[in-house]
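For reference, the structure discussed in these notes is given below.
The values are calculated or read from the model by the stated rules, or taken from the named source; none is laboratory data. What you are looking at is a predicted structure, and each value in this text was computed from that prediction instead of being measured. Note: ideal-geometry Cβ built from the backbone for every residue, glycine included; neighbour counts use all protein chains shown. Only protein heavy atoms, including side chains, enter the accessible area calculation; ligands, DNA and RNA are left aside. Shrake-Rupley method; radii C 1.70, N 1.55, O 1.52, S 1.80 Å.
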Amino acid sequence: MIQNHPSYKYACDVLEGRINAPKYVILQCKEFKQIADGKSEKYYIDEEKVSLIENVLGLLVMPKGLKARRPVREVTAGFQWLFYIAVLCTVYRDNPERRRYETVILEICRKNGKTFLIAVIFILAFLLEARFSQFYSVAPDGLLSREVKKAITEIIKCSPALEGKFKILRSNILCTLTDNDYIPLNYSKDRLDGKLPAVFLVDEAGALPEPYAIEAMRSGQLTILNKLGYVISTKYPKFDNPFEDEVGYAKNVLDGVLEDESIFALLYEPDNTKDWATDDSILEQANPLALEVPAIMDDLKKKRAKAIAMPSRRENFITKHSNILYMGVETESYVDVADVQKGKVEHIDWRGREVFLGLDLAITNDNCSVAMVAEDNGEILGESLAFVPEGRVDEKCKVEKVDYWQFIKEGK
């Protein structure tokens, strides 16, 4: 039963506080547990697929590291089990051949087994996806792209059960059992179109200059039933990057602001973004593997001590090992939706108040916005309104996944 599985145990440990996890991981675990407990009318966990994945991971051998030469099934961490099982085994009740999730977001620090996790994902895809499927990984440069292929190759070569089942070529890896093909790609501004990926990965998406790579891969999946796209990265020291857009969208879905049942996100981004120098919970929430491998946590604390003593090391430690957006000064990068919701009131009487108005004009299909604020006994009252192009409301609702008709109805 799924209730005895490590993925379910991990979700329960998170929800019951035995594992220190950040807010959005808790929300995703809550959704997984609800489905695993049979409380969803639309989805369920296919336990045959769970057993199949367990069997495959039992055949794979860890090629290197602290637990080298052991079966992957024995060394898989709880969050990794959740990542595999939730994504690959959550299916529609009325069509078990169709998976629920199509987009998978993983925000996680370095030294948390990310490249190994990616390699296992592709090996599972080789064996489980439909015959003649094509898989692609895209990375910002050739070195990162080859790292994924290298990790897949190492697992294949160290696993006797896979001997003779794969052709490892210079430009691709082909599974001879299923004729499924994996091709690593370098980032290019205009050469990623025309692909037909059943599964794709965009690695280190925070380092990409624009979202073209992600959107090109997604565009190629229009005719695929069980399409799957992984977007994975650590934080980068700039707010304006494609990965932050993906993370922001996932947060809105988990917060219930937007509705999108096809997205699964594990965002190991600490709730406290200020006290990186003293708060151990930041390291725990941003580094799930460190909770299971004490040596990793010890190394992180040594790196933190250096970052405190050496300002030149600070940016790299805070972004790459704490998953905090840091650009030379400790500032808030955004306002959390939950923090905004705490200040919600049902009605504000604006009559007789001195107000300040802010106006943001726009062109083409963008919104014009008006913000109005006033002070009331030390508190700030605020109201926001928007003007949308009348002929583009349906288009904007679809593209931006915002119910503008409802806002219009409410007079907003």
Cβ pairs under 7 Å, 6+ apart or interchain, first in the stretch 69-89 and on the phi < 0 side of the Ramachandran plot, second among the polar types (S, T, N, Q), ordered by first then second residue, are Trp81/Ser7; Leu82/Ser7; Ile85/Ser7; Ala86/Ser7
The one condition Glu48 fails out of (1) touching a helix residue (DSSP H, G or I) at 6+ places or on another chain (Cβ under 6 Å); (2) open to solvent by 50 Å² or more (accessible area, probe 1.4 Å); (3) of a type in the set (D, E, K, R) is (1)
Out of (1) part of a loop (DSSP other than H, G, I, E, B); (2) modelled with pLDDT under 95, the one Thr115 does not meet is (1)
The helices (runs of 4 or more DSSP H) lying entirely within the stretch 1-82 that contain at least 2 residues which are more than 21 Å from Phe264 (Cβ to Cβ) are 47-59, 72-75
When the stretch 1-30 is checked residue by residue, the ones that are open to solvent by 50 Å² or more (accessible area, probe 1.4 Å), over 20 Å from Glu74 (Cβ atoms) and out of contact with any Asp or Glu (no Cβ under 9 Å at 6 or more places or on another chain) are Leu15, Glu16, Gly17, Arg18, Ile26, Lys30
Does Glu204 count as surrounded by 13 or more Cβ atoms within 10 Å (Cβ to Cβ) and closer than 28 Å to Cys397 by Cα? no
If we take the stretch 221-336, then helices (runs of 4 or more DSSP H) inside it with 1 or more residues that are under 30 Å from Leu128 (Cα atoms), open to solvent by less than 80 Å² (accessible area, probe 1.4 Å) and touching a Lys or Arg at 6+ places or on another chain (Cβ under 9 Å) are 242-254
Checked Asn112, Asn55 against criteria (touching a residue at least 60 places away in the same chain (Cβ under 8 Å), of a type in the set (S, T, N, Q) and more than 19 Å from Val199 (Cβ to Cβ)); the one match is Asn112
Of (1) outside any helix (DSSP H, G or I); (2) surrounded by fewer than 21 Cβ atoms within 10 Å (Cβ to Cβ); (3) in contact (Cβ under 8 Å) with a residue 40 or more places away in the chain, Arg170 fails just (3)
Report task. Look at Val104 and say whether it is closer than 30 Å to Glu259 by Cβ, touching a strand residue (DSSP E or B) at 6+ places or on another chain (Cβ under 9 Å) and open to solvent by less than 20 Å² (accessible area, probe 1.4 Å). Result -> yes
